[in-house]
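Derivation of every value follows stated rules applied to the coordinates shown; laboratory data play no part. Keep in mind the model is a prediction, meaning the values are calculated, not measured. Note: ideal-geometry Cβ built from the backbone for every residue, glycine included; neighbour counts use all protein chains shown.
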Amino acid sequence: MVSKWAKACSIISATALFLGVSACGSANTNSGGTAEGITAEDVEKALTDDSKTVELTFWAPSYNAMKASVEAFQKKYPHIKIDFVNPGSSSDFNTKLQNAITAKKGVPEVVQFGYDSYGQFAMTGGLLNFKNDSLEKYLGDKYLDAAWKGVHLAGGLYAIPQDIAPMVMYVRQDILDQYGLKTPTTWDEFYEIGKQLHEKNPDLYMSYLELGQSKYWSNYYREAGAKIWGVGSDTSLSLDFDSDKAKSVDEFLTKCIKDGVLEPVNSGTDEFNRDMNNGRYASWIDEEWRGNLIRSSFPSQSGKWKVYQLPSWEKGAKSVTTGAGSVLSVTAATDPSKRAAAIAFADWINSSEESIQAFQDSNNGFFFMAAKSFRDNYGEGEEDPYFGQNVSKLYFEAADNINSDWEYLPFGVQLDTMFTDVMAPGLEAKEDVATTASKYSDAIKNYAEKQGFTVTVK
């Protein structure tokens, strides 16, 4: 469910994104507002000073999921009145927001994005950059390192983390046991065990490789420490698809695809759901929220699934990746007199115990929050009868080991479009991954340069 927020914020057409970026100007025209002069004291005072009323409009694609938290805030701080708006579908949200920013009319003060989609608005001046020493310290101390790193872009601070989705490996233990195979702890073991499984039963695969979104592919590189792209400034990007670490991942994925360990498929189909239910895949590598969906989708398979940490690239190494999550941003169009209150609202929604409690209660504990305080109330967990494990502890351990040396390119929607147009056909055709990735790198470079970025290829 967490990544559905990111997905909801990212699945719009390439045309819509292109028009949105063009409407704001090229990459080097970031003229958004800053929070210079706003201190931590100002943010705290905005919550406690009820001598004046502040009105804020908040747009969130996950309207229903956030409703309880917003109501809790409104009850505690009635002097900050929240006009909570459901902006509709993901494409409607992005289009409406871009149109409002371009027209300079009807722009909400606070908006919800995915980590991989706020960048397109940040780099084109649509979001408030509230980076300063006071707010960095005050806000940064409240959130997990990887989540906090994820809301920085090109030296600026454009959002407050809401949730983060550590990746784990869900395993059909009964399938591995049936074929006398152990659970892999390294990617080398994953390949060898998956190869044996496919040889024993050619209808089965160790797992699948997602063709519908770029992040599941790029997560292999992130976990391996292969930083295939980066953001230098609001005008410069870097691409590095040829590092030794990247090449190792290329080789691993290539042999997994060719030897029947990973099947390249699009998971957004009824056929995929049937295949997963029927045991075509012995594992599901996904974000922590997937466990709830496995439980609700396959109730008859209780006791057959187990949860494990991701295999590591080196035995004993602890580096985990994340499927992203969501953030709250303040728009650059926000009146300066409202900015402290907008930041205070976003921070309270994302980090206060009251908000987190309301959020979890109304969503059946579906979300892994980015706030450090989340661990205080949910870190111990208890045995999940479906998995026969304390899965909460596994999720927190995974979150502690997320590789934070990663950046999201400021055009996440187009990145996915290029992935499905360029990478997916090559993966499906079982080309060498390095060859297909080189084409993908070229496509990213060409697109970025057309948007005004200087691109360095390492």
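Observations, loosely collected:
- Alpha carbon centroid spacing (whole Å) that separates the range 423-458 from the range 182-252: 16 Å
- 222 nm mean residue ellipticity, helices alone, for the chain (DSSP H n ≥ 4; -39,500 (n - 2.57); rounded to 500): -13000 deg cm²/dmol
- If the Kirkwood radius is taken over C-alpha pairs of the range 308-402, then at 20 °C and 1.002 mPa s the Stokes-Einstein diffusion coefficient equals 137 µm²/s.
- Residues whose amide H falls under 5 Å from that of LEU153, counting only those 5 or more places apart or on a different chain, are TYR158, with hydrogens built in the peptide plane.
- Prolate/oblate/rounded label for the range 161-261 (Cα gyration tensor, a/c 1.5): prolate
- For the range 52-95 versus the range 357-412, the gap between their alpha-carbon centres in whole angstrom: 23 Å
- The calculated FRET efficiency for the pair ASP442 and THR53, based on their C-beta separation and a Förster distance of 45 Å, comes to about 0.25.
- Once the Cα-Cα distance is subtracted from the 0.36 nm per residue extended length, the LYS318 to LYS75 segment shows a gain of 83.3 nm.
- Residues whose amide H lies under 5 Å from that of THR186, counting only those 5 or more places away or on a different chain, are SER312; hydrogens are built 1.01 Å from N in the peptide plane.
- The range 319-367: C-alpha gyration tensor shape, a/c 1.5 cut-off, then a/b vs b/c: oblate
- Cleavage-rule hits, trypsin sites (Lys or Arg not before Pro), the range 52-123, DSSP coil, Cβ neighbours within 10 Å at most 10: LYS52, LYS104, LYS105
- Label sites at LYS393 and ALA434, each approximated as a point 7 angstrom past Cα along Cα to Cβ, lie 4.3 nm apart.
- Seen from ALA226, the other residues with C-beta closer than 15 Å to its C-beta sum to a net charge of -3, counting Lys and Arg as +1 and Asp and Glu as -1.
- Look at [x] 80, 51, 42; [y] 82, 79, 44; [z] 72, 49, 37: the one that is Cα extents along the principal axes in Å derived from this structure is [z].
- The length gained on full extension between THR185 and SER296, counted as 0.36 nm times the residue separation minus their Cα-Cα distance, comes to 37.3 nm.
- Take every DSSP beta bridge whose two residues both sit in the chain; close to 55 percent of them are antiparallel.
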